[in-house]
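Read through the structure below, which is laid out as structure tokens, and then see the notes.
The values are calculated or read from the model by the stated rules, or taken from the named source; none is laboratory data. A quick note: this is a predicted structure, and the numbers were derived from the prediction, not measured. A quick note on method: Cβ atoms are made from the backbone with ideal geometry, for glycine too, and the neighbour counts reach across all protein chains shown.
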Amino acid sequence: MPTEVVLLHGFTQTGRSWAPVAAALAERYRCFMPDLPGHGDASWRRPATFGAVTAYLAALKTERFVLCGYSMGGRLALQAALALPSRVERLVLIGASPGIDDPAERAQRRTTDDVLADRIEAGGLEAFLDEWGELPLFASQPPGVARAAREDRLRNTAPGLAAALRGMGTGVMEPLWGRLGELGMPVTLVAGEHDEKFRAIAERMARTIPHPSLIVVQGAGHAAHLERPGYVADILR
């Protein structure tokens, strides 16, 4: 079992969002928590592409690692696992999707994301974060978790998030549903109890992946690693 774990954050988060999980793993594992393109302190902010993340993982000096991604980071992790199958010992996806398989729906999502990117740049970071934090996806977060999440999001910039949406949003991602059968490593699918949409996606994925396990995190919503970091650390162990 490798002692390195790579943790990929979601849209609007930064690598620091994984700090409680990494702290719980510290005695046994070394954690890599990069700021993804368009986020935080990432010097590789542009171009914000799926390929940039795979290139980062390919350049890691560790031979094999556990790869875990949440939401947008889960999409990136899934793509990287398919591109680097000999490097990924185990794949853990939290609240993640292989993309939108309907072409018309995918095109509509791309248009919606482009409009949102324009609005982020025009209205500024804080106004967008007020809107983002009110999404139903995060309704189950306790006030303390929500405050910490906002503090982390404030490490971003409006142009960076807009670039991430345009380059790595669900609308521009080629769907990977047809490639799930290629995943030879064990895959753990994680969804929060209150995250009905992504629980259904995880259940559908589990029917296609060769070696899946599905874990529902009780009492959690979409961001299970923020709401129950100790439990997510146990999953990674």
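Within segment 147-237, which helices (runs of 4 or more DSSP H) (wholly inside it) include 2 or more residues that are free of Cβ contacts under 8 Å to residues at least 12 places away in the same chain?
Numbers: elements: 158-168, 196-206, 224-227, 229-236.
Helices (runs of 4 or more DSSP H) meeting the threshold: 196-206.
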*Which condition breaks for Gly95 when tested against (1) buried (at least 19 other Cβ atoms within 10 Å of the Cβ); (2) out of contact with any helix residue (DSSP H, G or I) (no Cβ under 6 Å at 6 or more places or on another chain); (3) closer than 27 Å to Arg228 by Cβ?*
(2)
*Hits in segment 4-20 (condition: outside any loop (DSSP other than H, G, I, E, B) and either closer than 22 Å to Thr54 by Cβ or of a type outside the set (A, V, I, L, M, F, W, C) (or both))*: Glu4, Val5, Val6, Leu7, Leu8, Gly15, Arg16, Ser17, Trp18, Pro20
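Taking the conditions exactly as written (surrounded by fewer than 17 Cβ atoms within 10 Å (Cβ to Cβ), charged (D, E, K, R) and over 18 Å from the mean Cα position of the chain (by Cα)), does Glu203 satisfy them or not?
Against the criterion (surrounded by fewer than 17 Cβ atoms within 10 Å (Cβ to Cβ), charged (D, E, K, R) and over 18 Å from the mean Cα position of the chain (by Cα)), Glu203 does not qualify.
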*Return the total of residues in segment 48-73 being touching a residue at least 40 places away in the same chain (Cβ under 8 Å), aromatic (Phe, Trp, Tyr) and either part of a helix (DSSP H, G or I) or more than 18 Å from Val21 (Cβ to Cβ) (or both).*
1
_Subset tally (residues that are in contact (Cβ under 8 Å) with a residue 40 or more places away in the chain and surrounded by fewer than 18 Cβ atoms within 10 Å (Cβ to Cβ)) for segment 117-135_ = 2
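Is one or more of the residues making up segment 170-180 among the polar types (S, T, N, Q) and surrounded by 18 or more Cβ atoms within 10 Å (Cβ to Cβ)? Walk me through it before giving the result.
The initial filter retains those residues of segment 170-180 that are among the polar types (S, T, N, Q), namely 170.
Retained after the next criterion (residues that are surrounded by 18 or more Cβ atoms within 10 Å (Cβ to Cβ)): 170.
Looking for residues that are among the polar types (S, T, N, Q) and surrounded by 18 or more Cβ atoms within 10 Å (Cβ to Cβ), one finds at least one in segment 170-180, hence yes.
Quick one: which of Leu60, Leu36, Leu82, Leu78 is among the hydrophobic types (A, V, I, L, M, F, W, C), closer than 23 Å to Pro186 by Cβ and buried (at least 19 other Cβ atoms within 10 Å of the Cβ)?
On the way: Leu60 fails: buried (at least 19 other Cβ atoms within 10 Å of the Cβ); Leu36 fails: closer than 23 Å to Pro186 by Cβ; Leu82 fails: buried (at least 19 other Cβ atoms within 10 Å of the Cβ).
None of the other options fit; the residue is Leu78.
If I go through segment 87-119 residue by residue, how many of them are more than 30 Å from Glu63 (Cα to Cα), aliphatic (A, V, I, L, M) and either touching a Lys or Arg at 6+ places or on another chain (Cβ under 7 Å) or modelled with pLDDT under 95 (or both)?
So the first thing to find is which residues in segment 87-119 are more than 30 Å from Glu63 (Cα to Cα), and the list is 100-119.
Next cut, aliphatic (A, V, I, L, M) only: 100, 104, 107, 115-117.
Subsequent filtering for residues that are either touching a Lys or Arg at 6+ places or on another chain (Cβ under 7 Å) or modelled with pLDDT under 95 (or both) retains 100, 117.
Final tally of qualifying residues: 2.
Would you mind stating whether Ala107 is surrounded by fewer than 19 Cβ atoms within 10 Å (Cβ to Cβ) and either farther than 26 Å from Gly51 by Cβ or of a type in the set (Lys, Arg) (or both)?
no
What residue, of Ala200, Ala191, Ala206, is at pLDDT 95 or above and in contact with an Asp or Glu (Cβ under 9 Å, 6 or more places away or on another chain)? Break it down stepwise before answering.
Working: Ala200 fails: in contact with an Asp or Glu (Cβ under 9 Å, 6 or more places away or on another chain); Ala206 fails: in contact with an Asp or Glu (Cβ under 9 Å, 6 or more places away or on another chain).
Matching residue, one of Ala200, Ala191, Ala206: Ala191.
Return a yes/no flag: does segment 206-216 have any residue that is of a type in the set (A, V, I, L, M, F, W, C), within 15 Å of the chain's Cα centre (by Cα) and either surrounded by 17 or more Cβ atoms within 10 Å (Cβ to Cβ) or on the phi < 0 side of the Ramachandran plot (or both).
Filtering segment 206-216 for residues of a type in the set (A, V, I, L, M, F, W, C) gives 206, 209, 214-216.
Those left that are additionally within 15 Å of the chain's Cα centre (by Cα): none.
No, that holds for no residue.
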*asked:* Go through (1) of a type outside the set (Ser, Thr, Tyr); (2) surrounded by fewer than 22 Cβ atoms within 10 Å (Cβ to Cβ); (3) out of contact with any Ser or Thr (no Cβ under 9 Å at 6 or more places or on another chain); (4) over 16 Å from Phe50 (Cα atoms) for Arg166 and report which single condition fails.
replied: (4)
